[in-house]
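Comments concern the structure below.
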Amino acid sequence: MAEEGEGRKARPGGGPFAFMLPPCKLSPMYGVYDFGLMLADRVRTEAYSRALREAITPGCTVLEIGSGTGLFAMLSRRWGAGRVIAVEVLDTIDLAPRVAEANGLADGIEFIKGFSTRLELPVRADVLISDLRGTLPLYRMHLPSIIDARERLLAPGGVQIPQVDRIRAAVVESPSMFRRLQGPWERDRFDIDHSVVSEISVNTWRRWHKEDMEDARPLTGPAEWTTIDYTSVREPHGSGEMAWTVERPGTAHGLNLWFDATLIPGVEYSTSPDGPGLVYGNAFFPLRRPVEVCEGDEIHCSLRADLIGGRYVWTWITGIRSQRDEPVAFTQSTFYSTPLGRRDLAAQESGHAPSLAMEGRLLRTALQLMDGSRTVEQIAAELEEGFPSRFDQWDSAIAWVRQISRDYSD
């Protein structure tokens, strides 16, 4: 997860590895519960286990990025890897050494808490394994992290797991999913018009699982949007055109997206809605409004995903050519899904001269006090005195400093 800026060298667990952590508080993307769901997904975990068994040669070096609680790192040792480097930015990695110790697999595994993009290896790995996807493979800094690891940390001719993801989509009828997005903003019992909010909600997409969309029925077959070849991909963005012919009459509510994964040749799985239902779920991209369609109607969609500031902006332009009604076209984008006030927009203008608000001054002061000569308690006392309107009691001051110390200190 590439982040620029000065940081601190981190070498948890010792060993000849070093990387730089960025000076930013990490927002929790996954917790223990989420990693438990991943572990419980037998289709996913058994496919990765099989791919590892086939890719690992005796004594080889395996690098796992996004290790979570270390399952695949431990399986790598079990299947014969001589050395395993398991990297994870989240706190769950602190549990991994204890799990490995309890299973007699701690020897030969180095668990490192930090960003893979700051990792330095004395010898490149023979196998690179990861699962940094979200609902779709284009998720946060997934692709930049993979590209960086492949170019810097994987030996020439090394094995990557996964190797290819193919993202597909179909047009679906799902009144319930559309209602979840739009229903709350319909004119309610107080006769309040929420149409302004409704215009924003149709520019968002949502993850769903099988149990969430029992009424979902495909109106078309699948079309492939794009293919990600992890052994050669160089850009984190995605774009492509899709076209379908409606196979039965109904109401089109949106697009359903999933991916088919090839971990190594012969080891595959799919998050298709026709399958068992994996932990990833599917992505529902709504149309601006439901459209009645009949058999033989033609639907076209231009879909693109642009990585901007660590998050993807999705844009989908959909056209429906009907045999009985006028054609319709919708342009939607997650760019329009976040309301921005005038103050927010002004603060981002290139000509704006920003000055620190109170929270900024507080953080700056705290970081300046963290010079190695003061304890957490002493820093909290100074901040409580210097920012009385921010801290109305001692407990809140020291709790805040403890968190800052955790996020930024050596």
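When the chain is treated as a Gaussian network with alpha carbon springs shorter than 10 Å, the biggest mean-square fluctuation among 268, 224, 295 belongs to 295.
Farthest toward the positive end of the dipole of the chain, out of 273, 175, 251, is the Cα of 273, where the dipole comes from beta carbon charges about the Cα centre. The protection proxy used here, the mean number of other Cβ atoms lying within 10 Å of each residue, ranks peptides 247-257, 353-363, 44-54 as follows, highest first: 247-257, 44-54, 353-363. For the chain, the residue among 389, 331, 116 whose Cα projects farthest onto the positive side of the dipole built from Cβ charges is 116.
Put the Cα centre of the stretch 55-91 next to the Cα centre of the stretch 260-280 and the gap is 22 Å. Given the rule -39500 (n - 2.57) for each run of at least 4 DSSP H residues, summed and divided by the residues of the chain, what is its mean residue ellipticity at 222 nm, to the nearest 500 deg cm²/dmol? Result for the chain: -7500 deg cm²/dmol, rounded to the nearest 500. For the stretch 164-174, 3J(HN,Hα) computed residue by residue from phi via the Karplus equation (6.51, -1.76, 1.60; θ = phi - 60°) reads 9, 10, 10, 9, 10, 8, 9, 7, 10, 9, 8 Hz, glycine and proline entered as x. Working ranking of peptides 32-40, 380-388 by packing, defined as the average number of other Cβ atoms within 10 Å per residue, highest first, is 380-388, 32-40.
Taken about its Cα centre, the stretch 29-142 carries a charge dipole of about 220 debye when Lys and Arg each add +1 at the Cβ and Asp and Glu each add -1 at the Cβ. Quick one, which of (1) 24.2; (2) 22.8; (3) 26.6 is the actual Kirkwood radius over Cα pairs in Å calculated for this model? Answer by label: (1).
Each reported figure results from applying straightforward, stated rules to the coordinates on display, with no laboratory input. Quick caveat, the model's predicted, so the values are computed rather than measured. Using ideal geometry, Cβ is built from the backbone for each residue, glycine included, and neighbour counts are taken over all protein chains shown.
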